[in-house]
Structures are given as C-alpha cells and as structure tokens.
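S.K.: If you scroll down you'll find the structure; I have some questions about it.
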Amino acid sequence: MDQKQQLPVLDAARLPQHVAVIMDGNGRWAKERGKDRVHGHYEGVLSVREIVNTCGEIGIPYLTLYAFSTENWNRPKAEVDALMELLVNTLRKEVEELRHKGVRLHVIGDLASMPPICQQELAEAMEITRDNSRVNLILALSYSGRQELLQAAKALAQEVASGTRAAATLTETDLEKHLYTAAFPDPELMIRTSGEHRISNFLLYQLAYAELYFTPVHWPDFRKAHFLEALADYQQRERRFGKISEQVQAF
Ligand code: FPP
C-alpha cells in the first residue's frame, strides 16, 4: 500500500504557526493491552518524537505539549516518579538529536515544584538548544492555566502597588507580558487526543481564538498521519475572529 497517497494534502502557506496538544490516553492505551500505565507513557514518548519531527519537516515553528499538569501531582507516587524519570531519561537521550534537528526546548509551568534533577536536566537541554529556531518545543510541566493567570495578576498588582503603573491604564498586552508564554504567539490549533472534549486548565488565556480538534485516538497511537489529518481539518475551517464570512474572505 502506498502510504503517501493516504496522507492529506496541506497548504503550506496556511499552516498554523503554533499547535498545542493535550496528550491524553496513555493509561487507557496501556490498559487496553493489559499493560501497566507507565508503558503507555513510554510509548507516548515515541509519539512526541514523531510529532516534533513532523513540525520540523513541514514548518510549524511552535509546538506546546501538555506533559504534566499541577493536578497530575495527585496521581499515585509510583506513576509520578516514573513520569519524572521518563522525562529525565528522554531529555538525556534526545537532546543531541533535538539540537541537530533545529529544535529549541522551552518549559512553561511551575518549574520550581519539579524535582531538582528534572530542573537540572531541563535547564541543560534548554541551554544546549538555545540557538535553534526551526521548532520551538514548549513543554508544559507542573502547569496550570489558572495558576499562570493568578501569578500574572499578582505581578500586575505589584506594579500598581509600587506606583509604576496605574490600574486604569493596564492593557491585554501588559497581562500577556507576565504569562509564561510571553515570548510565543498564541496557538491557532489545539489538539486533544483520546476522546475527552475538555480544555483541562490548559492555556486558558492563549486558546481564546484557537480551533479545537478532538480525536478518539489515544496519544501513543497518535502519529504523523493523525497529525496531518488534524492540520487538514484545521485548514478546512474558516477563522472569523468575530467578523462575518465576507469580511474574512476579502483578505
Ligand atoms: C495523559 O495520559 C498523559 C500524561 C499525563 C503524561 C504525558 C507524558 C508523556 C507523553 C511522556 C513524557 C513526555 C515527555 C515530553 C518526555 P493519561 O495518563 O492521563 O491517560 P488516561 O487518561 O488514559 O489515564
């Protein structure tokens, strides 16, 4: 069978610049195979690899992956430990290839709450890849959209209290400067795998105008063809930003 014929044709000029992904279903994928949940996470790393590579190949410069939420700390300790170990081992194993392929690593979230070894490995990987710009791979770790907004609100309150800003003059841009994502454009497409139709505290501010794409495919099965399918679906949508269809088509 010719694999190529089955891949959707994409318009390179209309690709999203930033795709955000909720990588869900690792546990269910493993359970369906009678395996431990952690096995699903191991396999999920292979999907991460393939989607990062695809972004590089087709020209998507920003990819944010929800790798660990603040709520995930409530999972059984053995699973949390295994995920942290997987993160460290994956970074060690992959960092040279990331560097070679033009991928720059970033992290968003409450990094200080991550185990010291993870912080160390992430800092090293970010340093090693800092000159790259082909793909900005942004890992959301110990991330909560509400916490992100709260810390931004606190920072703005501080500016007002110190007299450097007047509350009445604050703009959306002022708020955006204090988000973890200040250096990145907003995602135009958010993909969630494994059949759940929720945003789950992910990029609450940044996803304001994003197209949402939900697929029943579990994350470990979500590979290049599924990703291209999501992008093709995105390209069929009309993004109006509150305008009417005729106004958008005029451009
Ligand atoms: C959701 O599946 C997935 C996670 C909480 C972790 C995602 C982590 C990886 C894909 C691997 C580590 C990533 C990197 C970047 C090294 P789930 O466990 O909630 O699945 P379930 O809903 O079926 O239980």
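S.K.: On the principal axes of its Cα set, how long, how wide and how thick is the stretch 47-177? Give whole Å, largest value first.
M.R.: 48, 38, 22
S.K.: Between Ser245 and Glu71, what is the label-to-label distance in nm when each label sits 7 Å out along the Cα-to-Cβ direction?
M.R.: Reported label-point gap for Ser245 and Glu71 is 3.6 nm.
S.K.: Spelling out what I want: for every residue of the stretch 184-198, take phi, set θ = phi - 60°, compute 6.51 cos²θ - 1.76 cosθ + 1.60 (Karplus), and round to whole Hz; glycine and proline get x.
M.R.: Per residue, the Karplus-derived 3J(HN,Hα) values read 10, x, 5, x, 8, 9, 10, 10, 10, 8, 6, x, 7, 10, 9 Hz.
S.K.: In whole Hz, with x marking every Gly and Pro, tabulate ³J(HN,Hα) for the stretch 222-230 from phi via Karplus 6.51 cos²θ - 1.76 cosθ + 1.60, θ = phi - 60°.
M.R.: Residue by residue, the stretch 222-230 yields 7, 10, 3, 4, 5, 5, 5, 4, 5 Hz.
S.K.: Would you please name the chymotrypsin sites (Phe, Trp or Tyr not before Pro) within the stretch 159-208 that are DSSP coil residues with at most 14 other C-beta atoms within 10 Å of their C-beta?
M.R.: Numbers: sites: Tyr180, Phe202, Tyr205; in loops: Tyr180, Phe202, Tyr205.
For chymotrypsin sites (Phe, Trp or Tyr not before Pro) across the stretch 159-208 that sit outside H, G, I, E and B with at most 14 neighbouring Cβ atoms in 10 Å, the list is empty.
S.K.: If the reach is capped at under 25 angstrom between alpha carbons, list the lysines near Lys31, excluding any in the same chain fewer than eight residues apart.
M.R.: Correct list for Lys31: Lys77, Lys224.
S.K.: Here's something else I'd like to know. Whole-Hz Karplus ³J(HN,Hα) for the stretch 124-133, in order, using 6.51 cos²θ - 1.76 cosθ + 1.60 and θ = phi - 60°, x for Gly and Pro?
M.R.: Those phi angles translate into 5, 5, 5, 5, 4, 9, 5, 8, 7, 8 Hz.
S.K.: Roll a 1.4 Å probe over the protein chains and send me the accessible area per residue for the chain in Å².
M.R.: Numbers: 13490 Å² over 251 residues.
Solvent-accessible surface per residue comes out at 54 Å².
S.K.: Enumerate the lysines that Lys177 could reach by cross-link, defined here as Cα to Cα under 27 Å, with residues fewer than 8 away along the same chain left out.
M.R.: Partners within reach: Lys154, Lys243.
S.K.: So how far, in whole Å, is the C-alpha centre of the stretch 182-213 from the one of the stretch 24-76?
M.R.: 16
S.K.: Check Glu211: other-chain or 5+ apart residues with amide H under 5 Å from its amide H, H built from backbone geometry?
M.R.: Leu189, Met190
S.K.: Compute the whole-percent fraction of alpha carbon pairs in the chain spaced more than 26 Å apart. Numbers along the way, then the final one.
M.R.: Numbers: 13690 of 31375 pairs.
So the portion of pairs separated by more than 26 Å is 44 percent.
S.K.: So which trypsin sites (Lys or Arg not before Pro) in the stretch 4-42 pass both tests, a DSSP loop state and at most 16 other Cβ atoms within 10 Å of the Cβ? Walk me through the numbers on the way to the answer.
M.R.: Working: sites: Lys4, Arg14, Arg28, Lys31, Arg33, Lys35, Arg37; in loops: Arg33, Lys35.
Passing both the DSSP loop test and the Cβ count: Arg33, Lys35.
S.K.: If you roll a 1.4 Å probe over the chain with all protein chains in place, what percent of the accessible area is carbon or sulfur?
M.R.: Working: 7000 of 13490 Å².
On the chain, the fraction of accessible area on carbon and sulfur atoms equals 52 percent.
S.K.: Let me ask another. Only loop residues by DSSP count here, and only those with at most 15 other Cβ atoms within 10 Å; note down the trypsin sites (Lys or Arg not before Pro) in the stretch 74-145 that meet that.
M.R.: Working: sites: Lys77, Arg92, Lys93, Arg99, Lys101, Arg104, Arg130, Arg134; in loops: Lys101, Arg130, Arg134.
Passing sites in the stretch 74-145 are Arg130, Arg134.
S.K.: At a Förster radius of 41 Å, what calculated FRET efficiency corresponds to the Cβ-Cβ distance of Thr171 and Asn53, to the nearest 0.05?
M.R.: Working: r = 38 Å, r/R0 = 0.93.
That gives a FRET efficiency of 0.60.
The values are calculated or read from the model by the stated rules, or taken from the named source; none is laboratory data. Quick caveat: nothing in here was measured; it's all calculated off a predicted structure. Neighbour counts run over all protein chains shown; Cβ positions are idealised from the backbone, glycine included. Just so you know, the surface numbers come from the protein's heavy atoms only, side chains and all, with ligands and any DNA or RNA stripped out. Shrake-Rupley method; radii C 1.70, N 1.55, O 1.52, S 1.80 Å.
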